[in-house]
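Okay, so here's the structure we're looking at.
The values are calculated or read from the model by the stated rules, or taken from the named source; none is laboratory data. Predicted model, so just to flag it, every value in this text is computed and none were measured. Note that we place each Cβ from the backbone using ideal geometry, even for glycine, and neighbour counts take in every protein chain shown.
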Amino acid sequence: MKTTKTSKAAKSKKTTRTVSSAVRAPLRTPSDLKAAGTKDIATSMNGVLADVFALYLKTKNFHWHMSGPHFRDYHLLLDEQAVQIYAMVDLIAERIRKVGQPTIKSIGHIASMQRIKDNDAAYVEPSDMLAELQEDNKLLATVMREAHDVCDKHRDIATASLIENWIDETEQRTWFLFEANRHADSTGH
């Protein structure tokens, strides 16, 4: 009987060690892409993800702080755009994980990687909000094109395909912001 108890205790310790080792092991998702390629893709896409978070928060900031005669139109426009931007977040992060790499883990990590500048001003004119978001969306499109080049280099067709759709959405946001911010002439156009 003592042998059986010792055997069970030994098995329990061995199981505990195996589980602990598995928890501490790096996250390794199998991929047919080369390891160096997945690192390049993750670096590029984590940068995109940081910029997407920054753009989302700025868009919501301007949505919340919109004022003026076009309040309703601009408020709704920015809310629609924020929803579209936020929809990218999980897809980007999961794509990075699918190629076997870690993704961003905190607000501090986002802040260290973002290229889209925050705007913490107490008040921003509505036209300045739209112009700033237009430029930020253009920057995001540029960043995504660079990420697409990295994906092409490493034959990551799936990520490149997603990026192509996001670039199209980003160009549409840029266009809408441009048109919404144009000054009307005497005919109302």
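A few remarks follow.
- The set of residues from region 98-135 being more than 27 Å from Phe176 (Cβ to Cβ) and either loosely packed, with under 14 Cβ neighbours inside 10 Å or of a type in the set (Asp, Glu) (or both) comprises Pro102, Lys105, Ser106, Ile107, Gly108, Ala111, Ser112.
- Residue count for region 119-145, restricted to those that are touching a helix residue (DSSP H, G or I) at 6+ places or on another chain (Cβ under 7 Å) and among the charged types (D, E, K, R): 3
- Residues of region 66-78 that are assigned to a loop (DSSP other than H, G, I, E, B) and buried (at least 17 other Cβ atoms within 10 Å of the Cβ): Met66 alone.
- Among residues of region 92-117 that are under 16 Å from Val143 (Cβ atoms) and touching a residue at least 40 places away in the same chain (Cβ under 8 Å), those with a beta-carbon under 7 Å from a residue that is in a helix (DSSP H, G or I) and of a type in the set (Ser, Thr, Tyr) at least six positions away or on a different chain give the pairs Arg95/Thr159.
- Inter-residue pairs, beta-carbon under 7 Å, first closer than 16 Å to Leu140 by Cα and in region 44-67, second hydroxyl-bearing (Ser, Thr, Tyr) and part of a helix (DSSP H, G or I), 6+ apart: Met45/Thr159; Tyr56/Tyr86
- Flag for Gln81 being closer than 14 Å to Asn61 by Cα, buried (at least 18 other Cβ atoms within 10 Å of the Cβ), more than 12 Å from the chain's Cα centre (by Cα) and of a type in the set (S, T, N, Q): yes
Condition check ((1) closer than 26 Å to Trp64 by Cα; (2) at pLDDT below 95) across all residues:
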| position | (1), (2) |
| --- | --- |
| Asp79 | yes, no |
| His109 | yes, no |
| Leu130 | yes, no |
| Leu140 | yes, no |
| Met144 | no, no |
| Leu162 | no, no |
| Asp168 | yes, no |
| Thr187 | no, yes |
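- Single residue of region 28-65 satisfying the filter (surrounded by fewer than 17 Cβ atoms within 10 Å (Cβ to Cβ) and over 30 Å from Val83 (Cα atoms)) that is modelled with the lowest pLDDT: Arg28
- Residue pairs meeting the criteria (Cβ under 9 Å; at least 6 apart or on separate chains; first under 19 Å from Gln172 (Cβ atoms), in region 69-80; second aromatic (Phe, Trp, Tyr) and assigned to a helix (DSSP H, G or I)): Tyr74/Phe62; His75/Trp64; Leu77/Phe176; Leu78/Phe62; Leu78/Trp64; Glu80/Phe176
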